[in-house]
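The values are calculated or read from the model by the stated rules, or taken from the named source; none is laboratory data. Quantities reported herein were computed from a predicted structural model and do not represent experimental measurements. Here the Cβ is made from the backbone with ideal geometry for all residues, glycine too, and neighbour counts use every protein chain on show. Please note that ligands, DNA and RNA were not included when accessible areas were found on the heavy atoms of the full protein model with its side chains. Shrake-Rupley method; radii C 1.70, N 1.55, O 1.52, S 1.80 Å.
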Amino acid sequence: MNDNSDANTQTFTLMDNASGDQYVLPVLESSVGPRVIDVRKLYADTGCFTYDPGYTSTGSCESRITYIDGEEGVLLYRGYPIQDLAEHSDFAEVCYLLLYGDLPTSDQKAVFEHDVTYHTMLHEQVNMFFRGFRRDSHPMAIMCGVVGALSAFYHDSLDISDPRHRMIASFRMIAKIPTIAAQAYKYSIGQPFIPPQNNLSYSENFLHMMFATPAEDYAVSPILAKAMDRILILHADHEQNASTSTVRLAGSSGANPFACIAAGIASLWGPAHGGANEAVLNMLEKIGDVSKIDEYVKKAKDKDDPFRLMGFGHRVYKNFDPRAHVMRQTCHEVLDELGITDEPLLDLAIELERIALEDEYFVEKKLYPNVDFYSGIIFKAMGIPTSMFTVLFAVARTVGWIAQWNEMVEDPSQRIGRPRQLYLGEPERDYVMMSERK
Ligand code: CMC
């Protein structure tokens, strides 16, 4: 393949060595980041597909929401660095930014928060839905089921061709997801559901629904609410990751947004994606002691052992995950504020990180701690059970999914997602009657 760039139009020339034919492919310019070879007409022109399992070299859409430079460890939401947003912004403002493309004025923010909080309650029949689950169900299973069920309750916001319906469905999803998450938790411990309080901020309300009981006063700690807000900001979007691509693919057929977000939650659940925060804590507990770290690092490097260091590595970041930096700092702040001076899991995590970052295998493969490495320790300190960790990721990522879904629906070039395949099965053959089969 030759790069035939010139100043105005850039192209790639593809040479078919079998026939000697050459094909010129257009090259598209990103506003920041690598150039993109436009292969949309490749099959029509050449009769060939591209093959890219895991989509390591394939862009699936145009987007203006989130940008990652994996080599430099950069993450931008609508152009704003994640570190700046984590320091100066709050989650409601970040939701507005992701949905509308710009930071809100104070009036815009007040209206937005009012409009979203209006939808925090669940339909009473949805509340009853929870009772169909076993008490020991994993809360992510409940999330998939209840979020999917929302499409059966909010018929008045299912016409995806109507911008007003899309907006109401978007607000509903963002407003109701913390209520559903907190109720999944309350259900698992047999406590009554605590209704949302719309005078609280997004994070305060979530913590209130998680930890208040009807029997006692509960005051949300401002420090924990701030930390929760920061964690939500860090997880809010991450361009075309597995769950976001799932939401887009489900939505590309015209499916309703509640069903699409339920699909995203299912994808997020896996340990290679959002399930990693739960897996990190389980791993740290299993390692148990600093003296065992070498043994586990050895296991992680062994090709014949399926064990991986959870919370390490990323498809895109080949440098530090910028979210992990903020997360580590937040972890120290939360433990300090809570007066937790001795957290053996944190000591273990710090030592594991140090050893792995000096190990040739991890250095050579550019495996750094990712956002999930420290988040579990913070959640644990806040009193959140391990099974809820990925649920919190889903609460945060809902706004990203919704923003990406809206962008897709509004994109005139959007078509149903339909990847092709490299077929390696049997060619056509004759049907064999049962009596003749061996
Ligand atoms: N421990 C040990 N080896 C690893 C790890 C790890 N955590 N991650 C990758 N490798 C090795 C892998 O075995 C492979 O080696 P080789 O080239 O010799 O076959 C090489 O590094 C490249 O890995 P890959 O699996 O081809 O990379 P990927 O881009 O397909 O996977 C990943 C990325 C995040 C799934 C993977 O790094 C992983 O499984 N990490 C642990 C799970 C985790 O922490 N996930 C959270 C990701 S961040 C939050 C989110 O966005 O969801």
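Do you know which residues across region 304-314 are touching a helix residue (DSSP H, G or I) at 6+ places or on another chain (Cβ under 8 Å) and within 9 Å of the ligand (Cβ to nearest atom)? Step through it out loud before you land on a result.
Applying the first criterion (touching a helix residue (DSSP H, G or I) at 6+ places or on another chain (Cβ under 8 Å)) to region 304-314 yields 305, 307-312.
Answer for region 304-314, where residues must be touching a helix residue (DSSP H, G or I) at 6+ places or on another chain (Cβ under 8 Å) and within 9 Å of the ligand (Cβ to nearest atom): Phe307, Arg308, Leu309, Met310, Gly311, Phe312.
What number goes with the only condition from (1) aliphatic (A, V, I, L, M); (2) over 21 Å from Trp401 (Cβ atoms); (3) touching a Ser or Thr at 6+ places or on another chain (Cβ under 7 Å) that Val111 does not pass?
(3)
A quick yes/no check of all residues on (1) under 24 Å from the mean Cα position of the chain (by Cα); (2) not hydrophobic (A, V, I, L, M, F, W, C):
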position	(1), (2)
Gly101	yes, yes
Ser106	no, yes
Val126	no, no
Asp136	no, yes
Ala141	yes, no
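Residue-wise test of (1) within 14 Å of the ligand (Cβ to nearest atom); (2) at pLDDT 95 or above; (3) touching a Lys or Arg at 6+ places or on another chain (Cβ under 7 Å).
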{"residue": "Asp289", "(1), (2), (3)": "no, no, no"}
{"residue": "Asp302", "(1), (2), (3)": "yes, yes, no"}
{"residue": "Phe320", "(1), (2), (3)": "yes, no, no"}
{"residue": "Arg323", "(1), (2), (3)": "yes, yes, no"}
{"residue": "Leu335", "(1), (2), (3)": "no, no, no"}
{"residue": "Thr341", "(1), (2), (3)": "no, no, no"}
{"residue": "Leu346", "(1), (2), (3)": "no, no, no"}
{"residue": "Glu351", "(1), (2), (3)": "no, no, no"}
{"residue": "Arg354", "(1), (2), (3)": "no, no, no"}
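Filter region 88-112 down to residues that are among the acidic types (Asp, Glu) and without any contact (Cβ under 8 Å) to a residue 40 or more places away in the chain and give me whichever is farthest from Lys366 (Cα to Cα). Quick ask: steps written out before the conclusion?
In the first step, residues of region 88-112 are kept if they are among the acidic types (Asp, Glu); the result is 90, 93, 102, 107.
Then keep just the ones that are without any contact (Cβ under 8 Å) to a residue 40 or more places away in the chain; that gives 93, 102, 107.
Working: Glu93: 33, Asp102: 34, Asp107: 44 Å.
Result: Asp107.
Kindly provide the set of residues from region 239-276 that are open to solvent by less than 10 Å² (accessible area, probe 1.4 Å) and more than 17 Å from Ala141 (Cβ to Cβ), ordered by number.
Across region 239-276, the qualifying residues are Thr244, Val247, Gly251, Pro257, Cys260, Ala276.
Anything in region 403-438 that is open to solvent by 40 Å² or more (accessible area, probe 1.4 Å) and not in a loop (DSSP other than H, G, I, E, B)? List them, or say none.
Within region 403-438, Glu410, Met434, Ser435, Glu436 qualify.
Could you pull out the residue among Leu234, Leu281 that is modelled with pLDDT under 95, open to solvent by less than 40 Å² (accessible area, probe 1.4 Å) and not polar (S, T, N, Q)? Break it down into steps so the answer makes sense when it comes.
Working: Leu234 fails: modelled with pLDDT under 95.
Only one candidate passes the filter, namely Leu281.
Quick one: count up the residues across region 22-46 that are of a type in the set (Phe, Trp, Tyr), more than 33 Å from the chain's Cα centre (by Cα) and open to solvent by 90 Å² or more (accessible area, probe 1.4 Å).
Selection size over region 22-46: 0.
Inspect all residues belonging to region 246-260 and state whether any of them is touching a Lys or Arg at 6+ places or on another chain (Cβ under 8 Å) and within 11 Å of the ligand (Cβ to nearest atom).
Among the residues of region 246-260, not one is touching a Lys or Arg at 6+ places or on another chain (Cβ under 8 Å) and within 11 Å of the ligand (Cβ to nearest atom), which makes the answer no.
Taking Ser89, is it out of contact with any Gly (no Cβ under 7 Å at 6 or more places or on another chain), of a type in the set (S, T, N, Q), farther than 30 Å from Ser253 by Cβ and open to solvent by less than 50 Å² (accessible area, probe 1.4 Å)? Walk me through how you get there before you give the answer.
Numbers: out of contact with any Gly (no Cβ under 7 Å at 6 or more places or on another chain): yes; of a type in the set (S, T, N, Q): yes; farther than 30 Å from Ser253 by Cβ: yes; open to solvent by less than 50 Å² (accessible area, probe 1.4 Å): yes.
When the stated conditions are applied, Ser89 passes them.
Is it fair to say Ser387 is in a helix (DSSP H, G or I), among the small types (Gly, Ala, Ser) and open to solvent by 20 Å² or more (accessible area, probe 1.4 Å)?
Details: in a helix (DSSP H, G or I): yes; among the small types (Gly, Ala, Ser): yes; open to solvent by 20 Å² or more (accessible area, probe 1.4 Å): yes.
Taking the combined requirement at face value, the residue satisfies it.
Can you tell me how many residues within region 322-367 are open to solvent by 50 Å² or more (accessible area, probe 1.4 Å), of a type in the set (D, E, K, R), touching a helix residue (DSSP H, G or I) at 6+ places or on another chain (Cβ under 8 Å) and closer than 18 Å to Met310 by Cα?
Of the residues in region 322-367, 2 are open to solvent by 50 Å² or more (accessible area, probe 1.4 Å), of a type in the set (D, E, K, R), touching a helix residue (DSSP H, G or I) at 6+ places or on another chain (Cβ under 8 Å) and closer than 18 Å to Met310 by Cα.
Residue pairs, Cβ under 7 Å, 6 or more apart or interchain, first in region 269-281 and touching a residue at least 12 places away in the same chain (Cβ under 8 Å), second among the basic types (Lys, Arg) and more than 9 Å from the ligand (Cβ to nearest atom). List them.
Listed pairs, sorted by first residue: Leu281/Lys380.
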